[in-house]
Amino acid sequence: MFSLQSDARQHQPQLPPTPQQQQQLLPPVVPTQLQQLFGANASGGLGFLGAPIGSADLDEVSFSLQLLDDSADIKPLIAKPLEGDEDVHLALAHQSYKAGDYNQALEHCNAIYRKNPKRTDNLLLLGAIYYQLHDFDMCIAKNQEALAIDPHFAECYGNMANAWKEKGNIDLAIRCYLIAIELRPNFSDAWSNLASAYTRKGRLNEAAQCCRQALALNPRLVDAHSNLGNLMKAQGLVQEAYNCYVEALRIRPSFAIAWSNLAGLFMEAGDLNRALTYYKEAVKLKPTFADAYLNLGNVYKALGMRQEAIICYQHAIQARTDYATAYGNLASMYYEQGQLDLAILHYRQAINYDSAYVEAFNNLGNALKDAGRVDEAISCYQSCLALQRNHPQALTNLGNIHMEWNMMSVAASYYKAAISVTSGLSAPFNNLAAIYKQQGNYVEAVACYNEVLRIDPLAADGLVNRGNTFKEIGRVSEAIQDYIRAVTIRPTMAEAHANLASAYKDTAHVEAAIKSYKQALLLRPDFPEATCNLLHTLQCVCDWDDRASRFAEVEGIIRKQIKMLVLPSVQPFHAIAYPIDPILALEISRKYATHCSLIASRYGLPAFRHPLPIPVKAEGGRRRLRVGYVSSDFGNHPLSHLMGSVFGMHSRENVEVFCYALSQNDGSKWRQRIQSEAEHFVDVSSMSSDVVARMINEDKIQILINLNGYTKGARNEIFAMQPAPIQVSYMGFPGTTGATYIDYLVTDEFVSPTRFSHIYSEKLVHLPHCYFVNDYKQQNRDVLGPVCQHKRADYGLPEDKFIFACFNQLYKMDPDIFNTWCNILKRVPNSALWLLRFPAAGEMRLRAYAAARGVRPDQIIFTDVAMKDEHIRRSALADLFLDTPLCNGHTTGTDILWAGLPMITLPLEKMATRVAGSLCLATGVGEEMVVSSLKEYEEKAVALAENPANLQALTNKLKAARMTCPLFDTARWVHNLERAYFKMWNLYCSGRHPQPFKVTEHDMPNSHMTDSLREEAL
C-alpha cells in the first residue's frame, strides 16, 4: 500500500557498511519459492545497518516513505446476482475495472445510474472508478450519494477517506476511516488505510497499531504487512521491516510493492546487487511501477551503469508522464555526462510538473552556469531560495559565482549565510577558507578547513587544502601529517602525493620528496606542477640524469601554459637558476605578477589616494621623504644579515623609515636590532593584505620597497593594490618581477647592463659600485684578525693540499661547471674541492659523478652547513672559491670576500648570474677574479693554484681593501640609495613617468647631504 520512493533530487550513491558496522539479525522464515531470488543466504537475515550511510552533501540518494497512486485499497462492493440489463452492466463494469479499463467500467456504471441512481453498490463502484481516474471530487460525491441512502455503508466512508487523503486533507480522511471502523470494527482495509493516514501525519506508533489490528483481522492482508514494514524501517527497526516484507511476499509472491520495499532495504545497506535483483522483480511483476523503475535507476547509477540508469528513468516517465522526480534524476544523468542541453531540458520539465521542486531549481542553475548562462543560473538559484529561503546549496552556488567574479566580500556573505543554516555542508566552509587564505587570514582559513574535516573526516581534499595552509604559514610538520592522511584515504590522489613531496622538500627530506613526486606522476603522467617540481628537486641534489630532456620538457610546458594564459608551473625564483631564455623567465614573472593582481582585486578595494607630488622640503611639501620597507625576512635570514644596519643608517634629517614585517617575531638578535633601530617598525604578520595596504597608504608612504619579490613569505598582492605612488623591487629577488605595479629595480651597471634592459619589466636604477649591500663592517669585524680561529683539521681538510671551495647551494650547480671543476682537480692533483651538504642528499651523487670523471675520492670533501659567524671565519681555510655561473653566490659570495678568500666567477646574461662579478669589482681587485668563458675559468683556477705567489698577492690585496672598498662601506651605500630615492620622487613630482637613471656619487661631507640630494633630484 505504500512504498519506499527515492526523491532522486540528489546524485551520489550510498557507501556500503564496513564489516564492523554490520549487525547480526535474526533469520526470518522465507518460503521456498522465494529463495531462488533471495539467494542461499536469504534465511540468514540481511546484515546491514538500520540507517543510510552517506553524507549530507548535495549529491546524495535518499529514500523516504511515500504513497503510491494505488496505495489506498479502493473496495468496490461485489454485486449480488441481478435480473435484466443492470445485472449485465454491473458484471461488465466489474470486469472492466479489474482489467484496468476504467473508462469502459464508467460507461457501464453510468448506464445503471441513469436507470437507477439510488443503487448503492453501483454508487460505490462509481466512486472507486473515479478514484482510479484521479477525479477525487467525483469519487467523494458518489460516496456521499450512497451514504445519503445508506448512512451505515462503511465501505463508502473508507473510499471517501482515501479520496480526501489524496486531496491532502489528512485530518478529514482520518475521521472518515474512524467512522468506517466504528460502523464495521472488523473492516481490515480501513484499519490498513488509517495506518497510512497516520503515517502521513507522522503518528508512526498509532500507524503501527492500526497495521497490527488490520493483520489481526486479516493475516493475509499483504498491504498491511508491507505498510508495517515501512513503519518499522522508519523507526530504525530494519530486521522487523525485513520480516514484514518477506511475510507479504510469502503470502503473495507477485506483490511488486513488497519487492520494491525490500530492495530499498538492501540499497540503503549498500548491497547493490541484491537491491538490483529485487527492483527488477518489482518492475517485472508490475511494468507500470514508476517508483520501482526510479529506484532501479538509482541502483544502476550507484553501480556506475549510467546507460541502464537512463533507460530506467525513461521507463519511470513512460509509466507516469508527470513524474517530476524521474525527470530530475534523468536530467542529473545528462548533466554528469556533460550533455548540458538535455540536462537543462529535463530539469525544466521536472519544474513544469512540480513548481515547488526546490532541488530541480538548484540543479538547473548548476547546468545553466556550466553552459555559460550565468544570469539564468542566478535566476534559478534565486527561485530556489524563494521556495526555501535558507537553501544552503543555492546560497553556496551564488557564492561561487561571485567568487568567480572576484567579488570576494559578496561571495563570503553567501558562504556565511549557508553556514548559518546548516552545519553539515562542507562546500561553503571549504570555499570560505579559500577566500580567507587568499586574503592572508590563515587562522580563519584553518578554522574553516577544520569544519570541513569535522563534517567529513575522510575528506582527502579537505586534508590537502588544510595541509597547504599549514605549509604556507610554516607549520610544515602538520602539513605533512595532513598529506599523509590524504594519501592513506585516497592513494590515487596525485595532488596529495605532489604536495607531500613539496613539504618533504621544504624539510630537507629530498629523497622522500623525489619518491612522492614520481608517485604523483605515475598516477597522473600529465601533471605539469609535479613534472616541474620534480626537476627542481632533482636539481637540488644534482641528479642530472636525462637533464637536457627534462629541461626541454619543462620549457615546453612553460611555453604552452603562457600561451594558454595559465599560471606557469615553474616559479620565478626557480626560473632564475634555470638555463632558460631570459625572455621566457620574464614571461614567467609577468604571469605571476598578473596572478598577484588578481588576488589583490578580490579584496575589492577602491584605488588609493597617494601623497601629493610635491618635492621634499619645498613649500607645502614634507620635511622628509617617507620610505617603507616590506619584508617577511626581518629576522634570522640572509636579508637581515646583510641589511641589518641599513634601516637605522638612513638620514633622519632627510628620510623617515617605516618597516612592515610580514613575519612574526622570531626572537633573533637580527629582528631585535632592526626593530630597535628603524624609526618605525610594525608587525603586520597577523593582518590581511588589504589591511596592510591601507596602513601603508594611511602612513602616506611615498616610496615602497619590496624586499621579497618572489621569495618565500612574499605578499606581492599588497604591492598590486598600489598603496604608494612609487614602488621598487630590491635585494630579495635577483630578477625581474614582471609587474606593472613595480616601477623600479635597484641594481648596478654590471649586474643589469643597459644592453640587457629588455629582460626587465622595471626601469633600471644603477647604484654606484655594487647594488648588493652588506653589514660585515658593523657586525663581523672580528674576522679581520690576523689569526684564523679555526684549523683545517677541524673540518677534515688536508693541511698539505690546495683547497678549492664552493659553499653555494647544490641547486646552483650544473654538469658544465662540475665538469670544469673535475678538470681542474685532475690538472691540480694535490688539490681538493670543499663542498657543503646543502642538502646532504646531493653528496652521494656528486661523489659518484666526480669518480666517473676520474677524480679521486679524497679530492671531494663535504662538510655540514655552519652558523653565520663560523661560516665566514672558516671560509679563510680555503685557498680559492669557485663560483657557480648558472646562479652565483650572492650572500655566500659576500661572505667569502669579507673572509679574504678570492673567487673566480663567470657572469652570463640574467641578473642572478652576474651578482658575484659585481661583488668582486666593488672590492677594487675584481678584474683578476672575473672571467668570460668556462675555458678561461678553468685556466685561471689552475694558474692560481700552480702559482702560490700570484694567489697570495691577490689574497693580500683583497684583505687590505676590505675596510676601504665600496663593497663593504654600508654607510656610503645607504647615502647612494637615498640619492636614488630622491631622484625617483622628484621625477614623480615633475609629472614624468618612471625612467631609468644612474646615481652619481658625490664625495661630499655628510653635513652637505641635503644639498647633494637636491642636486641629484634636478
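General remarks:
- Residue within the range 818-830 that is open to solvent by 10 Å² or more (accessible area, probe 1.4 Å) and of a type in the set (A, V, I, L, M) present: yes
- Residue in the range 482-496 that is open to solvent by 50 Å² or more (accessible area, probe 1.4 Å), without any contact (Cβ under 8 Å) to a residue 24 or more places away in the chain, assigned to a loop (DSSP other than H, G, I, E, B) and in contact with a helix residue (DSSP H, G or I) (Cβ under 9 Å, 6 or more places away or on another chain) present: yes
- Subset of the range 653-680 [touching a residue at least 40 places away in the same chain (Cβ under 8 Å), open to solvent by less than 50 Å² (accessible area, probe 1.4 Å) and not in a loop (DSSP other than H, G, I, E, B)]: V655, F658, I674
- Summed over the range 338-352, the residues that are open to solvent by less than 70 Å² (accessible area, probe 1.4 Å) and not β-branched (V, I, T) give a count of 8.
- Helices (runs of 4 or more DSSP H) completely within the range 253-318 that count 1 or more residues being over 28 Å from L342 (Cα atoms) and touching an Asp or Glu at 6+ places or on another chain (Cβ under 6 Å): 256-269
For every residue, the table says whether it meets (1) in contact (Cβ under 8 Å) with a residue 40 or more places away in the chain; (2) open to solvent by 10 Å² or more (accessible area, probe 1.4 Å); (3) not β-branched (V, I, T).
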residue	(1), (2), (3)
H890	yes, yes, yes
M903	no, no, yes
E939	no, yes, yes
T955	yes, yes, no
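- Residue in the range 174-216 that is nearest to I140 (Cα to Cα), counting only those that are outside any helix (DSSP H, G or I) and open to solvent by 20 Å² or more (accessible area, probe 1.4 Å): R184
- Considered as a group, the residues in the range 519-548 that are acidic (D, E) and more than 13 Å from A496 (Cα to Cα) include one that is least open to solvent (accessible area, probe 1.4 Å), and that residue is D543.
- Selection within the range 98-127: residues that are touching a residue at least 24 places away in the same chain (Cβ under 8 Å) and buried (at least 23 other Cβ atoms within 10 Å of the Cβ). The member of this set that is farthest from D87 (Cα to Cα) is G127.
- Test: residue in the range 280-289 that is open to solvent by less than 20 Å² (accessible area, probe 1.4 Å), at pLDDT 95 or above, farther than 20 Å from A350 by Cα and not small (G, A, S): yes
- Filtered by the rule that a residue be surrounded by fewer than 17 Cβ atoms within 10 Å (Cβ to Cβ), of a type in the set (S, T, Y) and modelled with pLDDT of 95 or more, the range 369-419 gives S379, S413.
- A841 passes every criterion in (1) within 23 Å of H641 (Cβ to Cβ); (2) of a type in the set (A, V, I, L, M, F, W, C); (3) open to solvent by 10 Å² or more (accessible area, probe 1.4 Å) apart from (1).
- Some residue of the range 844-856 being at negative phi and either in a strand (DSSP E or B) or among the acidic types (D, E) (or both): no
- In the range 625-652, the residues that are open to solvent by 20 Å² or more (accessible area, probe 1.4 Å) and closer than 12 Å to I703 by Cβ: R626
- Where H134 falls short, out of the listed (1) open to solvent by 10 Å² or more (accessible area, probe 1.4 Å); (2) part of a helix (DSSP H, G or I); (3) closer than 25 Å to A99 by Cβ: (2)
- Looking only at residues of the range 688-723 that are β-branched (V, I, T) and part of a loop (DSSP other than H, G, I, E, B), we find that the one that is nearest to T747 (Cα to Cα) is T711.
The values are calculated or read from the model by the stated rules, or taken from the named source; none is laboratory data. Note that the structure is predicted; figures quoted are calculated from it, not measured. When we count neighbours, we look across all protein chains shown, and the Cβ atoms used for this are built from the backbone with ideal geometry, even at glycine. The area values use the complete protein model at the heavy-atom level, side chains included, leaving out ligands, DNA and RNA. Shrake-Rupley method; radii C 1.70, N 1.55, O 1.52, S 1.80 Å.
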